[in-house]
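Trainee: Pasting a structure below so you can have a look.
Derivation of every value follows stated rules applied to the coordinates shown; laboratory data play no part. Quantities reported herein were computed from a predicted structural model and do not represent experimental measurements. Cβ atoms come from the backbone with ideal geometry, glycine included; neighbour counts cover every protein chain shown.
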Amino acid sequence: MLRRMSLFHKREALPAVSDETLDEVLEALDLLAPLEAGSLTCPTCGRLLTRANIGTLSGSPSRPLVFCDASACITGLRDPVKDVGGSTC
Ligand SMILES: [Zn+2]
């Protein structure tokens, strides 16, 4: 678990991980079910997230945010995220 959570401390794009590892991370964050249900979207652009277009994890372990791989969304992480309740992290 600690190893998975360490992803958040880096605050950068996910390293190249296998689908299995990605699933483990997403499951640990309770994000695997919404991903598979097709209800997980990028909080920046609203694009539906799939295993193929997940770009970055951010936020905190208690409030994880998953962004798509669009460069604008990854770059946008430097700015406050709008549309997610204005939490700071
Ligand atoms: Zn996006």
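Trainee: Could you run the Karplus curve 6.51 cos²θ - 1.76 cosθ + 1.60 with θ = phi - 60° over region 52-69 and give me ³J(HN,Hα) per residue in whole Hz, x for Gly and Pro?
Mentor: 7, 10, 5, x, 8, 9, 8, x, 10, x, 7, 9, x, 10, 10, 10, 6, 8
Trainee: Please give the contour-minus-distance gain from A70 to D30: 0.36 nm per residue of separation, less the Cα-Cα distance, rounded to one decimal in nm.
Mentor: Working: separation 40, 0.36 × 40 = 14.40 nm, distance 2.29 nm.
12.1 nm is the gain from fully extending A70 to D30.
Trainee: At what distance in nm do the modelled label points of S62 and L48 sit from each other, each positioned 7 Å from its Cα along Cα→Cβ?
Mentor: Output for this residue pair reads 3.3 nm.
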